[in-house]
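**Student:** Pasting a structure below so you can have a look.
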Amino acid sequence: MDYTVEEKEAFMREALKEAEIALEHDEIPIGCVIVKDGEIIGRGHNAREELQRAVMHAEIMAIENANLREESWRLLDCTLFVTIEPCVMCSGAIGLARIPKVVYGAKNQKFGAAGSLYDILTDERLNHRVDVETGILESDCASIMQEFFRNRRKK
Ligand SMILES: [Zn+2]
């Protein structure tokens with residue numbers, strides 16, 4: 001399903017709300033929502049500190065959430081919105097869940113695996129390729145991260 005820019009921004013704002021939850025737990029503020037037919041079916045935020053789980057990134061939580069709700073490991077016809085470019089692990093998980101489209105806000109030059117450091121989502125050697133769009137609410141998604149790291153350095 002294709003969404004208008006306004007709709008994409010609205011979903012990204014929901015992902016940003018998830019990032020705010022991570023921030024409340026004093027962890028790297030990244031948020032994610034998974035949308036199917038215009039409806040949010042999964043939400044997640046980085047919860048490494050909150051849950052003390054190394055793999056609990058925003059995308060993983062949202063995928064688990066959507067899998068449970070759909071009672072299916074396949075998230076076909078879904079769009080995943082995430083505030084920051086997915087890492088290697090999450091890009092792998094997006095492929096495993098067969099999610100066809102990813103929209104992310106800001107790039108992650110250090111860890112990004114959807115165009116920056118690696119390009120796992122569109123690698124032709126893999127059997128599942130994902131349509132990737134970037135730059136939706138980019139400055140909002142980047143600034144919440146910058147603010148977090150600035151505050152952390154001060155501590
Ligand atoms: Zn990740």
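Nothing in this text is a laboratory measurement; each read-out follows from the coordinates by a stated rule. Note that this is a predicted model, so its numbers are computed, not measured. So basically every Cβ, Gly included, is an ideal-geometry build from the backbone, and we count neighbours across all protein chains shown.
**Student:** Quick one: net charge around I28, please, counting Lys, Arg +1 and Asp, Glu -1 for every other residue with C-beta under 10 Å from its C-beta.
**Tutor:** Local net charge: -1.
**Student:** Please list, ordered by chain and number, the residues whose modelled amide H lies under 5 Å from the amide H of G42; skip anything fewer than 5 residues away on the same chain.
**Tutor:** I34
**Student:** Per DSSP helix of 4 or more residues, -39500 (n - 2.57); summed, then divided by the residues of the chain. What does that give at 222 nm, rounded to the nearest 500?
**Tutor:** -13000 deg cm²/dmol
**Student:** For each of D2, D131, count neighbouring Cβ atoms within 10 Å of the residue's Cβ, then give the residues from fewest to most.
**Tutor:** Fewest to most other Cβ atoms nearby, the residues stand as D2, D131.
**Student:** Which of the peptides 31-39, 47-55 is most tightly packed, and how do the rest follow, judged by the mean count of other Cβ atoms within 10 Å per residue?
**Tutor:** The most tightly packed comes first, giving 31-39, 47-55.
**Student:** Also, quick follow-up: If the viscosity is 0.890 mPa s and the temperature 25 °C, what Stokes-Einstein diffusion coefficient in µm²/s follows for region 31-120 when Rh is the Kirkwood radius over Cα pairs?
**Tutor:** For these conditions, the coefficient is 192 µm²/s.
**Student:** Okay, moving on. To check you understand DSSP bridge types, tell me what percent of the beta bridges within the chain (both residues inside) are antiparallel, rounded to 5.
**Tutor:** Given both bridge residues lie in the chain, the antiparallel proportion sits at roughly 55 percent.
**Student:** Quick one: net charge around G115, please, counting Lys, Arg +1 and Asp, Glu -1 for every other residue with C-beta under 14 Å from its C-beta.
**Tutor:** -3
**Student:** Would you work out if region 1-80 is rounded, prolate or oblate? Take a ≥ b ≥ c from the square roots of the eigenvalues of the alpha-carbon gyration tensor; rounded if a/c is under 1.5, else prolate when a/b is larger than b/c, oblate otherwise.
**Tutor:** Oblate is the answer for region 1-80, as a/c is 1.5 or above yet b/c matches or exceeds a/b.
**Student:** Still on this structure: Could you state the number of Å between the C-alpha centres of region 1-58 and region 89-155?
**Tutor:** One Cα centre to the other: 12 Å.
**Student:** What does the charge dipole of region 1-87 about its Cα centre add up to, to the nearest 20 debye, if the Cβ of each Lys and Arg holds +1 and the Cβ of each Asp and Glu holds -1?
**Tutor:** 200
**Student:** Taking the Cα-to-Cβ direction at D26 and at L126 and moving 7 Å from each Cα, how far apart do the two end points lie in nm?
**Tutor:** Distance between label points: 3.4 nm.
**Student:** Looking at the square roots a ≥ b ≥ c of the eigenvalues of the Cα gyration tensor of the chain, which shape do they give, rounded for a/c under 1.5, prolate if a/b is larger than b/c, or oblate?
**Tutor:** Because its axes are fairly even, with a/c under 1.5, the chain counts as rounded.
**Student:** Going through region 63-155, which chymotrypsin sites (Phe, Trp or Tyr not before Pro) have at most 13 other Cβ atoms within 10 Å and a DSSP loop state?
**Tutor:** Answer by residue number: W73.
**Student:** Okay, moving on. Please state the charge dipole magnitude for the chain, taken about the Cα centre, from unit charges on C-beta atoms (+1 on K and R, -1 on D and E), reported in debye and rounded to the nearest 20.
**Tutor:** 660
**Student:** Here is a further query. How high is the FRET efficiency between T134 and K110 when r is their beta carbon distance and R₀ equals 22 Å, given to the nearest 0.05?
**Tutor:** 0.85
**Student:** Right, next: I'd like the FRET efficiency for R74 and K155, computed as 1/(1 + (r/R0)^6) with the beta carbon distance as r and R0 of 35 Å, rounded to 0.05.
**Tutor:** After rounding, the FRET efficiency stands at 0.25.
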